[in-house]
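Report on the structure given below.
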Amino acid sequence: MKENAQRAKSMNAELYPRNLETFRVKKYIGCWSGIPPRFYGVDLRNRRCECGMFQTLRYPCAHVVAACATYNLNVEQYIDDVYTLECTLHIWSNEFPVLRDVSTWEVQPPAFKMLPYRSLRRRVKGRPIIMRI
């Protein structure tokens, strides 16, 4: 979250409708180097960003953080419940089976015989030595 907040400092957010849900975030990549700025659409109601990170990780990306910082919105309300302590404890409350000793594991024999592929062998550098009797 700190990294996204740091990256959000180089972005500017514009509000589209006046309901504080849809934004256009302008990302300054490097205006001094001639690279034009990029624009990303952020929809807070549907939890979507054009970069795709907000939907994928269910965690606010830098564009969402920039939009929330510009209009003094609480970013933490857009963090999914998966990242809460209660959910983590619920996941780890399940019991894991005890693993047996390695010597008791069943090892299946190979289904086929491995044959070497002669053309993949590395050849020795230099002149080949022929041994004749």
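Close Lys pairs in the chain, defined as Cα atoms under 26 Å apart and 8 or more places apart or on different chains, number 4. Volume per residue for region 2-79 equals 88 cubic angstrom (convex hull of Cα atoms). Over region 80-133, the reciprocal of the mean inverse Cα-Cα separation, the Kirkwood hydrodynamic radius, stands at 18.9 Å. Shown here for region 37-119: GluC sites (Glu not before Pro) in loop regions (DSSP other than H, G, I, E, B) with at most 11 other Cβ atoms within 10 Å, namely E95, E106. Cα extents for the chain along the principal axes, largest to smallest and rounded to whole angstrom: 92, 53, 24.
Read the figures in this text as sums done on the coordinates, not as results from a lab. In this text the structure is predicted, and so the values were computed from the model without any measurement. Every residue, glycine among them, receives a Cβ derived from its backbone with ideal geometry; neighbour counts consider all protein chains shown.
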